[in-house]
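Structure, as structure tokens:
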4 protein chains.
Amino acid sequence: MAMIADRAGVGAGTIYRYFENKDVLIAELHRELEEKMTAAVGKGYSKEMPIRVRFLHLGTSLLKYFIENPLEFRYLEQFHNSPYGVDYRRDKILGKQEGCNIFRDLFEDGVSQQVMKDLPLVILFALAFGPLLAVARDHILGFIALDEVLIVWTIEACWDGVRR
Amino acid sequence: MAMIADRAGVGAGTIYRYFENKDVLIAELHRELEEKMTAAVGKGYSKEMPIRVRFLHLGTSLLKYFIENPLEFRYLEQFHNSPYGVDYRRDKILGKQEGCNIFRDLFEDGVSQQVMKDLPLVILFALAFGPLLAVARDHILGFIALDEVLIVWTIEACWDGVRR
Amino acid sequence: MAMIADRAGVGAGTIYRYFENKDVLIAELHRELEEKMTAAVGKGYSKEMPIRVRFLHLGTSLLKYFIENPLEFRYLEQFHNSPYGVDYRRDKILGKQEGCNIFRDLFEDGVSQQVMKDLPLVILFALAFGPLLAVARDHILGFIALDEVLIVWTIEACWDGVRR
Amino acid sequence: MAMIADRAGVGAGTIYRYFENKDVLIAELHRELEEKMTAAVGKGYSKEMPIRVRFLHLGTSLLKYFIENPLEFRYLEQFHNSPYGVDYRRDKILGKQEGCNIFRDLFEDGVSQQVMKDLPLVILFALAFGPLLAVARDHILGFIALDEVLIVWTIEACWDGVRR
DNA sequence: GATGAATGAGCGTTCATTCAT
DNA sequence: CATGAATGAACGCTCATTCAT
């Protein structure tokens, strides 16, 4: 908190006028970033396209978004690997189903149209986003240099994992 | 550190006779767990088997190992999501190539035999282990209940992602 | 201060137009409450009554007032148990003699008419108000349930302490 | 806490090796002081003495103890005027009756032998200790100068308040 | 070699007060 | 006059590390 206040060029107390406490700050920043990300990824996307196209569109958009916004990616990753993120996922999976529907819709459609493997949603998510996040992380850390081609190949490989 | 010393039944200072500091302790514990894991996973494994069999063997063994040793899995995950883990991977990927060769060998063989996609090793790793880790995490957190069948299907889906 | 401004329905800064600072606000509120209390207690009181009657009147009135206005009592007690209250008493006892004369007059009359013990005023105050405040506090905290009879008995016991 | 550590000439953290937290420190210090006080006051005291003598002994001893140990008195007063003290009293009065029996015993004996007024214990306590504490406070703050004689007179006046 | 008391920078948070608008 | 955003010293507490014994 001290560091954030410092970088924001404000006093230590000022932060608490805008966020009730650290947890709230973290949660709100997460929500904001996720919204921004969802918006960016949803550009040029339509439910009317074939499943495969939708998957490739969403996958490449997301991967590119992460690569172009490494700081946001790092935040999102840290969030999901923290107790905050676990609670968040638990609410989302076990609680009333809302938010982030763009991805769920795609997978539900994919399964019901028998284009994707008939596996639980959670596993399909893992198959699609597991590699995607790993690859984004490795690029940002400098372990690979992703280019347009590599991005597409990677997402297509993810598609192979997910499709029938 | 105090808690570890306590559970070990030694004084707070004693720990520093065996580990220079917290970072070193973490790194050494990691190495030990990874060795144990590699050994477990390598049981019944042979380089002479066909690539696909080797992949399925290693994948299912690993996933089962994580499910049976959730504490170790949590440690390994936390480690890799921390600065320690990043440094570790950097050394491993960019530095002198050693350790954990069992996996690298498999992917190198897979690529050279043209059974796997011709992608950088790092991406193949992401394709294989990304979903695996995600699925292990979700199982341990209670978001899915993996059984024998689901485990095999998951690893086979990973194989689809990786194979030509 | 923020809470007070809030409940008053004004901005946080506005309070400082009416009170130089927190200390002044506390002191002024104290003065106001003491005035109100003195007025209430003085109802139906006359210096012409016999000392004992005056004492019992003032004592029971005061005790009843506290019981009926527990919030005010709590404020007054907190005030007197704080550095503010100590300073206030110091000024009152050692400094120029004013204020709250109704009580002093009674005790001075009591001593000079040889109805009360010939003790320093401060001690007579302690004998009279010490138990009264203690009993009011205990009632408000729920340690006793004072009724009309108990109140009178208590004040009469105080009188026993004070009288010759 | 910082101030205490400072005056003790130790680091900020050291204090927590001896007291779990601030509340515990406060409670333990209180217990220690009360024990010490009870011991001092009980010197030369016997349940076999007549009630009046017991009362005068305990009263004068206590008052003298406070005067000789002004710091302890201030601590005890602050404690009892704080939430800690209120909770403590609540436990003592409403909970299982233990501790500080020397005083309760005296009052119970006094009432049952019909030497003291037939009032609730809480009120008798107020009658006896209310003035005593007030007088001790005023002495310590320099509002009166108590001497041997004044002390005895004060306690005798308290006795008048309490006795039949 | 083992101990555990001591350390102190750092944590997240509060709140009386100021001052530009 | 009134506002409320901004302040920053202070709070109670933690914990990896040291060092005299």
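Given in Å, the Rg to one decimal and the Dmax to the nearest whole number for the Cα atoms of the protein assembly as shown are 39.2, 120. Judged by the mean number of other Cβ atoms found within 10 Å, the most tightly packed of the peptides A:64-73, B:119-128 leads the ranking B:119-128, A:64-73. Dividing the C-alpha radius of gyration of segment C:1-71 by 2.2 N^0.38 Å, with N its residue count, gives 1.56.
Each principal axis of the Cα atoms in segment C:89-148 has its own extent, and those three values, largest first, are 38, 28, 17 angstrom.
In segment D:23-162, one over the average inverse separation of all distinct C-alpha pairs is 15.7 Å, which is the Kirkwood hydrodynamic radius. For B:Phe143, no residue 5 or more places off, or on another chain, has a built amide H under 5 Å of its own. Residues whose amide H comes within less than 5 Å of that of C:Met116, counting only those at least five positions distant or on another chain, are C:Val111, C:Arg164 (H built at 1.01 Å from N in the peptide plane). Summing charges over neighbours of D:Arg54, with a neighbour being any other residue whose Cβ is under 10 Å away from its Cβ, gives -1 when K and R count +1 and D and E count -1. Candidate cross-link partners of D:Lys117 among the aspartates and glutamates, defined by an alpha-carbon separation under 19 Å and a same-chain spacing of 8 or more, comprise C:Asp138, C:Asp147, C:Glu148, C:Glu156, C:Asp160, D:Asp105, D:Glu108, D:Asp109, D:Glu156, D:Asp160.
Of the DSSP H helices in chain B, those that are both long (alpha-carbon extent of 20 Å or more along the helix axis) and hydrophobic (Kyte-Doolittle mean at least -0.5) are B:22-42, B:51-68, B:121-140, B:148-162. Taking a sphere under 11 Å around the Cβ of C:Ser112 and counting the other residues whose Cβ falls inside, with K and R at +1 and D and E at -1, yields a net charge of -4. Across identical copies of the chain, C:Glu34 has label-point separations of 3.2, 5.8, 7.5 nm, listed in ascending order, with the point defined 7 angstrom from Cα along Cα→Cβ. Each Lys and Arg contributes +1 and each Asp and Glu -1, all at the Cβ; summed about the Cα centre of segment C:21-162, the dipole is approximately 160 debye. For D:Ala126, neighbours were defined as the other residues whose beta-carbon sits under 13 Å from its Cβ, and their charges (Lys and Arg +1, Asp and Glu -1) total +2. When chain D is described by a simple charge dipole with +1 on each Lys and Arg Cβ and -1 on each Asp and Glu Cβ, the residue from D:Ala134, D:Phe66, D:Phe107 located farthest towards its positive end is D:Phe107.
Readers should treat all values here as calculations from the given coordinates under stated rules, not as data from a laboratory. What you see is a predicted model, and the numbers here were worked out from it, not measured in a lab. Note that we place each Cβ from the backbone using ideal geometry, even for glycine, and neighbour counts take in every protein chain shown.
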